[in-house]
1. Using the Cα centre of the stretch 40-141 as the reference point, and only Cβ charges (+1 on K/R, -1 on D/E), how large is the resulting charge dipole? Debye, rounded to the nearest 20.
2. Taking 7 Å along the Cα-to-C-beta vector as the label spot, tell me the residue 267-residue 175 distance in nanometres, rounded to one decimal.
3. Of all accessible surface on the chain at a 1.4 Å probe, what whole percent is carbon and sulfur?
4. Do you know the relative contact order of the stretch 160-319, to the nearest whole percent, from alpha carbon pairs under 8 angstrom that are 6+ apart?
5. Roughly speaking, what is the stretch gain from residue 254 to residue 43, that is 0.36 nm per residue apart minus the C-alpha to C-alpha distance, in nm to one decimal?
6. Among the chymotrypsin sites (Phe, Trp or Tyr not before Pro) within the stretch 37-77, which fall in a DSSP loop and have no more than 14 other Cβ atoms within 10 Å of their own Cβ?
7. Taking the Cα-to-Cβ direction at residue 15 and at residue 279 and moving 7 Å from each Cα, how far apart do the two end points lie in nm?
8. Within the stretch 187-302, how many Lys pairs that are eight or more residues apart, or on different chains, come under 17 Å at the alpha-carbon?
Amino acid sequence: MLKVGVLGAGHLGKIHLRLLQQSDKYELVGFYDPSPENTEKVIAEFGYTSFNSVDDLIDAVEVVDIVTPTLSHFDCAKKAIEKGCHIFVEKPIAKTVIEAEAIKTLASQYHVLGQVGHVERFNPAFLAAKDLINNPMFIETHRLAEFNPRGTDVPVVLDLMIHDIDIILSVVKSKVKNVHASGISVISETPDIANARIEFENGCVANLTSSRISMKNMRKTRFFQKDAYISVDFLEKKTEVVRMKDVPEHPDDYAMILQNDEGVQKQIYFENPEVKQNNAILDELETFADAIINNTTPVVTLSNGTEALRIAQMVIDSF
């Protein structure tokens, strides 16, 4: 079991603490949170051990789970890496691309592993669809959330859209060519609604919409590729695949058949791949443990997190 400590015991930090305590791959040593009031509350409610400083916690563990506000990710990661600890860092990896690149360089110098908390990679609906997504040429995402004051310290792009940026970068095997975007501030000091169009060198186009002041919650992505349409509902944990294949010689009476102007006929097939329920946060933490133990590449590398942040920053710069 890997000795692990958590930096930050806010809403998400408490979830990480509970899951690490349950995991048979980690030994939860304790946590550090700068708020004495929050620290006392967490100790009283859960009984976890608290440390007096970031350095004290890092000195006691092998793995540091960084669930602090984005502004402090770099400082926490730097201290942990320089003391030889592996790091799991929540998304976005850092405040700036320069900081993210520095984290990558440090991890390489000190021969430690890092993973970024892009949890949607572990969403069971995406896992059910992942192997079916093959060279998509148009992608459409909607990530809408009801207003929550938590997270408004950063633009909606870094709060919500970055999830979809990471998913898209994981399935489109091509470099980004152009980014066009617009964003509007409604309640916060930073944009609350954003739309982005990301164009890739291979011709793929992704259209992303994110809002944190919606009347309803929605997290849907649609992938369009040759002869197939794949819909992934990250919120409802559902996946649907619509395929078009050549019409068989003797189609049944209920077959859905389309015919174009040239007379080419295609039959439409509907599939619902099995979605195996899981705890995505636990899975991301435990696959990181596996990567450390087996010295393999983490599912979401520091490079992946850096690229997601780089494209997110390009979106913000387009406003």
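The values are calculated or read from the model by the stated rules, or taken from the named source; none is laboratory data. Nothing here was measured: the structure is a model prediction, and the numbers come from that model. Cβ sites come from the backbone with ideal geometry, for glycine too, and all protein chains shown count toward neighbours. Just the protein is used for accessible areas: all its heavy atoms, side chains included, with ligands, DNA and RNA removed. Shrake-Rupley method; radii C 1.70, N 1.55, O 1.52, S 1.80 Å.
1. Approximately 260 debye in magnitude.
2. According to this spin-label approximation, the distance is 4.4 nm.
3. Solvent-exposed carbon and sulfur of the chain make up 50 percent of the total.
4. 21
5. Contour length minus Cα-Cα distance gives 69.8 nm.
6. Numbers: sites: 46, 48, 51, 74; in loops: 48, 51.
Taking the stretch 37-77 and a limit of 14 other Cβ atoms within 10 Å, no loop chymotrypsin sites (Phe, Trp or Tyr not before Pro) are found.
7. Computed distance between label sites residue 15 and residue 279 equals 1.2 nm.
8. Here the count comes out as 8.
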